[in-house]
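Input: a single structure, listed below in structure tokens.
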Amino acid sequence: MERDHDAPPEEATPVLEPADAAFEAEGGKRDDEADFRVDVDGYEGPLDLLLELARRQKVDLSRISVLALAEQYLEFIEAARRVRLELAADYLVMAAWLAYLKSRLLLPAPPKAQEPDPKDLAANLARRLRRLQAIRVAAERLMNRPRLGRDLFARGAPEGLDIVSAPIFRASLFDLLSAYARQRQKQALSHVSLKHRQVWSLAEAREALERILGMAVEWTALDDYLIDWAVTPAQARTARASTFSASLEMVKEGLIDLRQDRAFAPLMLRRRRALAAE
Amino acid sequence: MAEQESLFDLKAADVAALLARGPGPAQREVMRLCEAMIFASAEPLSEEEMLKRLPEGAELGAALAYLKAEYFARGVNLVKVGKKWLFRTAPDLAFVLQREQQEPKKLSRAAMETLAIVAYHQPVTRAEIEDIRGVAISKGTMDVLLETGWVRLRGRRRAPGRPVTYGTTDAFLLHFGLEQISDLPGLDELKGAGLFDGRLPKGFGVPQPRDDSALMEDEEPLGDEPLNESFASDLPED
Amino acid sequence: MAEQESLFDLKAADVAALLARGPGPAQREVMRLCEAMIFASAEPLSEEEMLKRLPEGAELGAALAYLKAEYFARGVNLVKVGKKWLFRTAPDLAFVLQREQQEPKKLSRAAMETLAIVAYHQPVTRAEIEDIRGVAISKGTMDVLLETGWVRLRGRRRAPGRPVTYGTTDAFLLHFGLEQISDLPGLDELKGAGLFDGRLPKGFGVPQPRDDSALMEDEEPLGDEPLNESFASDLPED
């Protein structure tokens with residue numbers, strides 16, 4: 001089957017020789033219509049061509065002479081071949097079929113059981129032409145209707161209808177209670193495990209010592225300082241240990257003096273005299 | 001102007017009779033609301049959508065009938081297309097409006113005829129369209145029609161090869177000013193001429209075109225399979 | 001909008017008087033044309049533009065006056081803004097142009113847990129909620145809870161920084177099917193329901209919730225100050 005011409009007209013179609021597409025056909029001379037032209041390009045397939053030929057009979061399509069139509073079609077094809085117009089296979093298949101039909105119509109052969117009545121074939125062809133014609137008319141009427149955007153117009157500047165989404169929340173009491181229990185339980189347990197020791201770091205201890213050094217001109221018990229800085233008993237231990245380490249460090253650096261009168265006696269602490277004199 | 005009949009399916013006498021009864025104040029308020037909604041909507045508006053916005057118990061059907069009657073003779077008409085409502089300019093005023101609007105893209109003859117066949121014969125397969133036209137349909141033709149939004153793939157025919165069936169859309173009705181598919185111009189004549197039976201497959205003998213979204217008995221859903229219709233297979237793969 | 005002519009500068013009596021005189025058939029045709037032109041135009045339409053398209057000698061001013069009167073009480077009004085004309089939905093019908101659609105939404109886990117703590121520990125401050133949960137509450141979580149209508153701002157705690165206190169609402173009771181907040185199950189009931197397992201530390205308790213609308217002793221009214229609760233806590237956010 002040949003592809004129809006939906007593409008823009010300038011696109012070359014495979015159906016015809018380009019230059020001499022339209023011309024007066026010699027075969028047309030015998031036709032009543034002297035201006036019969038061979039121009040396959042104008043037709044959308046053999047059925048369309050047949051329909052056009054049928055129109056030339058100027059009779060109602062229902063009373064068309066299929067025999068005459070077949071002859072005209074064959075003449076057209078013959079004329080096209082004479083000018084070496086390349087015809088798509090469809091046209092040739094139709095020509096062959098019409099030649100067969102013509103012979104059947106002219107020479108009523110002794111009926112063979114398998115072969116259809118040529119009158120039925122002719123009637124069927126006529127009906128196909130009428131159907132194509134009918135759809136052409138329908139398409140025409142459809143296209144001529146008042147059309148939106150051409151003849152009818154919708155509102156030019158519609159405000160628009162909005163749909164605003166309003167969330168509606170759903171939750172069950174069970175969701176609520178299990179959410180509560182879940183996190184309380186989790187937190188209750190994690191508090192226990194996460195109760196890590198609080199550590200008074202060496203740096204913190206030294207910083208504290210340095211800040212109070214100015215006050216410790218005389219021997220002072222280390223514990224007295226700690227009481228001011230570490231309030232909770234838990235912190236006292238880590239504070240004492242870190243401060244002791246820090247104080248040893250500061251002794252080594254020559255910043256303070258440290259003494260203990262006997263074992264387990266309070267540690268005494270004082271700023272170096274030299275520094276105090278400055 | 002037989003084509004325009006459906007635009008004027010309200011007769012002037014009906015309009016007068018309807019308006020003579022006169023809507024009551026409550027009815028009039030529903031009319032105002034409908035009028036505002038349809039006016040404001042960028043698309044044709046369904047009755048369901050209107051009902052969602054109207055106070056409960058509003059008599060929508062009556063309000064729309066009154067409104068349509070009131071707009072009957074005006075420069076703007078209220079029309080129903082498919083199952084949706086819209087306002088649009090009266091058909092006889094095209095001359096004053098066309099000037100600045102550009103003509104919609106013109107369809108090729110092949111596309112026009114194919115569209116008409118789809119409209120009048122739907123649901124219809126590609127082979128059936130080709131049978132009527134006597135030529136193969138190019139991929140481009142069907143693509144153009146699908147692109148207009150006027151033609152859609154409906155489903156598949158329950159037949160060997162399970163060919164895709166085509167039908168028209170609400171956008172088709174809207175564009176061609178039809179309330180429903182049975183308003184197609186000349187449909188009765190075409191049916192009467194018996195031209196639609198002939199060589200069409202069994203079960204297709206009913207010439208009444210249908211664009212119902214519901215599939216017909218001999219149709220089935222498209223499914224997930226590729227559309228291996230010849231013009232779909234040419235698509236480049238990416 | 002100062003230049004906009006008031007929609008109601010036409011009095012109902014004027015309208016009646018104007019329409020009683022009634023436009024003649026020629027006038028009516030000009031009205032139809034104007035109606036269609038203004039309707040179809042994407043922009044407000046000036047009288048000059050209309051005159052260009054109208055038949056010569058058309059009485060535009062009168063036609064527009066009539067049209068405006070006819071649309072006076074409708075759902076759509078013809079209005080003049082500056083020197084141009086347009087149709088607009090009646091201002092009192094704006095509500096119908098917006099429709100609320102309820103969308104079921106689930107609370108996030110964070111929101112659900114926060115809600116539960118507000119319910120049991122109210123009146124409760126954000127810092128207290130965070131302390132119980134061990135994670136910071138994002139502003140979004142609190143916003144969602146306020147949006148549900150189940151949580152409200154009660155007042156401020158009489159404490160440094162005067163933090164806002166949160167509590168539940170009647171809508172909360174209604175939604176969760178509680179008669180009063182004290183109907184929330186206590187620790188034993190929660191344990192009985194299998195929501196807590198046995199591994200609870202000594203002294204672990206569940207508070208007896210109270211949602212008295214009266215402020216508690218350590219609360220004071222919200223006052224006019226802005227709610228500058230900072231939601232940028234050091235705690236990790238959930």
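Please treat every number below as a calculation from the coordinates, not as lab data. None of the values given here were measured: they were computed from a predicted structure. Cβ placement follows ideal geometry from the backbone for every residue including glycine, while neighbour counts extend to all protein chains displayed.
If only Cα atoms are counted, what is the Rg of the stretch C:18-124, and what is its Dmax, in Å?
25.6, 81
Give me Rg over Rh for the stretch C:105-227, both radii from the alpha carbons and Rh done the Kirkwood way, two decimal places. Walk me through the numbers before you get to the answer.
Numbers: Rg = 14.8 Å, Rh = 15.3 Å.
My calculation of the ratio gives 0.96.
List, in order, the whole-Hz ³J(HN,Hα) value for each residue of the stretch B:149-154 obtained from phi through the Karplus relation with A = 6.51, B = -1.76, C = 1.60 and θ = phi - 60°; use x for Gly and Pro.
For the stretch B:149-154, the Karplus curve yields x, 8, 10, 9, 7, 8 Hz.
What distance in nm separates the simple spin-label points at A:LEU258 and B:LEU153, each placed 7 Å from Cα in the Cβ direction?
Taking the two extended label points, one gets 8.8 nm.
Which length gain, in nm to one decimal place, applies between A:VAL199 and A:ARG63 when the Cα-Cα distance is subtracted from 0.36 nm times their residue separation? Show your work: numbers first, answer last.
Working: separation 136, 0.36 × 136 = 48.96 nm, distance 11.43 nm.
Here the answer is 37.5 nm.
Label position 7 Å from Cα toward Cβ: report the copy-to-copy distances for B:ALA20 in nm, one decimal, ordered from shortest.
Shortest to longest, the spacings are 2.5 nm.
Based on the Cβ-Cβ distance from C:PHE204 to A:ALA221, what FRET efficiency comes out when R0 is 30 Å, to the nearest 0.05? It would help to have the intermediate numbers written out before the result.
Numbers: r = 42 Å, r/R0 = 1.40.
Result of the calculation: an efficiency of 0.10.
Using a Förster distance of 35 Å, how high is the FRET efficiency between C:ASP212 and B:LEU60, based on the Cβ-Cβ distance and rounded to 0.05?
On the way: r = 49 Å, r/R0 = 1.39.
The formula returns an efficiency of 0.10 here.
If you average the C-alpha positions of the stretch C:145-214 and of the stretch B:12-43 separately, how far apart do those two centres end up, in angstrom?
54
Per residue of B:124-134, how many C-beta atoms from partner chains lie within 10 Å of its own C-beta, taken as a mean?
Working: counts 0, 0, 0, 0, 0, 1, 3, 3, 6, 9, 18.
Taking all residues of B:124-134 together, the mean is 4.
Report the semi-axes of the equivalent ellipsoid for chain C in whole Å, largest first, where each axis is √(5λ) for an eigenvalue λ of the Cα gyration tensor.
Values: eigenvalues 870, 69, 61 Å².
That gives 66, 19, 17 Å for the three semi-axes.
Shape verdict for the stretch B:66-137, please, from the Cα gyration tensor: rounded (a/c under 1.5), prolate (a/b greater than b/c) or oblate. Walk me through the intermediate numbers first.
Working: a/c = 4.41, a/b = 1.88, b/c = 2.35.
Oblate, because a/c is 1.5 or more while a/b does not exceed b/c.
Multiplying the sequence separation of A:LYS119 and A:VAL137 by 0.36 nm and subtracting their Cα-Cα distance, what value in nm do you get?
Details: separation 18, 0.36 × 18 = 6.48 nm, distance 2.68 nm.
The span from A:LYS119 to A:VAL137 would gain 3.8 nm if fully extended.
Quick one: which residues, 5 or more positions from B:ALA136 or on another chain, have an amide H under 5 Å from its amide H? H modelled 1.01 Å from N in the peptide plane, none for Pro or chain starts.
Amide H neighbours of B:ALA136: A:GLU2, A:ASP4.
List the trypsin sites (Lys or Arg not before Pro) within the stretch A:64-95 that DSSP assigns to loop and that have no more than 12 neighbouring Cβ atoms inside 10 Å.
Numbers: sites: A:ARG81, A:ARG82, A:ARG84; in loops: A:ARG84.
Here the trypsin sites (Lys or Arg not before Pro) that fit, given the DSSP loop and packing criteria, are A:ARG84.
What residue among C:LEU51, C:LEU107, C:LEU187 shows peak mean-square fluctuation when chain C is described by a Gaussian network model with Cα springs under 10 Å?
C:LEU51
Could you give me the ³J(HN,Hα) list for the stretch A:69-82, computed from phi with Karplus coefficients 6.51, -1.76, 1.60 and θ = phi - 60°, whole Hz, x at Gly and Pro?
Per-residue couplings from phi come out as 4, 4, 5, 4, 4, 5, 5, 4, 5, 4, 4, 5, 5, 4 Hz.
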